[in-house]
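Novice: Structure below; questions to follow.
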Amino acid sequence: DAYAHVNNAVYYQYFDTVVNTWLIERGLLDVAAGATIGLVVETGCRFFAPLAYPETITAALRVTHVGRTSVRYEVGIFGEGQDAAAAQGHFVHVYVDRQTRRPVEVPAVSARNFSDTTYLLSRVAFSPDGTRLAYQRRSREGYYIWMSQAAGGPAARLLNDPLAIYEDAPAWSRD
């Protein structure tokens with residue numbers, strides 16, 4: 001932005017992307033056709049250090065509370081090579097019926113899925129126009145490269161075979 005750092009509003013895009021990617025990958029959210037959706041009712045962010053574009057970031061997620069109709073997530077955003085978070089935020093979803101927008105209970109099977117909170121997006125790189133992001137995700141098999149819209153939504157895995165290790169951030173070509 002004009003101050004040569006990542007604007008504070010972008011951190012909320014990071015939070016949204018991390019949370020929704022985690023939900024979609026676990027089958028807990030169907031953005032296009034699911035009967036239940038999560039509405040964001042509360043967010044917050046504390047900033048500790050600046051990030052600069054096009055710095056590579058790592059985002060870490062944990063679920064800190066699963067209520068009857070809501071879930072609270074906490075996200076840490078780390079600058080390239082940093083052990084301390086540049087920002088730490090939270091994000092609360094209230095789960096509602098897609099049609100009526102009335103709160104619904106978090107199903108017991110989903111509540112159990114929320115307890116598996118080991119999740120890390122790393123080496124995040126924004127496209128030159130800022131509308132998409134690519135990142136690596138670690139799985140049991142190795143590392144995969146994923147891509148999604150910066151504003152959130154479903155992610156697409158770009159590799160069919162995992163990499164044993166991937167040291168560099170994904171890079172975008174201008175074409």
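Novice: So which of SER110, SER122 is at negative phi, in a strand (DSSP E or B) and at pLDDT below 90?
Specialist: SER122
Novice: Follow-up question, since we're still on this one. So ALA35 ticks every box in (1) hydrophobic (A, V, I, L, M, F, W, C); (2) touching a residue at least 24 places away in the same chain (Cβ under 8 Å); (3) surrounded by 12 or more Cβ atoms within 10 Å (Cβ to Cβ) but one. Which box is left unticked?
Specialist: (3)
Novice: When residues of the range 75-93 are filtered for being touching a Lys or Arg at 6+ places or on another chain (Cβ under 8 Å) and open to solvent by 30 Å² or more (accessible area, probe 1.4 Å), how many remain?
Specialist: 2
Novice: Moving to a separate point now. Give the residue that is farthest from the chain's Cα centre (by Cα), with candidates limited to residues of the range 41-68 that are farther than 21 Å from ASP83 by Cα and open to solvent by 70 Å² or more (accessible area, probe 1.4 Å).
Specialist: By that ranking, first place goes to ARG68.
Novice: Which members of the range 130-140 meet the condition of being modelled with pLDDT of 70 or more and open to solvent by 50 Å² or more (accessible area, probe 1.4 Å)?
Specialist: Of everything in the range 130-140, those that are modelled with pLDDT of 70 or more and open to solvent by 50 Å² or more (accessible area, probe 1.4 Å) turn out to be THR131, ARG132.
The values are calculated or read from the model by the stated rules, or taken from the named source; none is laboratory data. Predicted model only: the values in this text are computed from it and were never measured. Virtual Cβ from ideal backbone geometry, glycine too; neighbours counted across all protein chains shown. Each accessible area value is taken on the protein alone, full model and side chains, heavy atoms only, with ligands, DNA and RNA left out. Shrake-Rupley method; radii C 1.70, N 1.55, O 1.52, S 1.80 Å.
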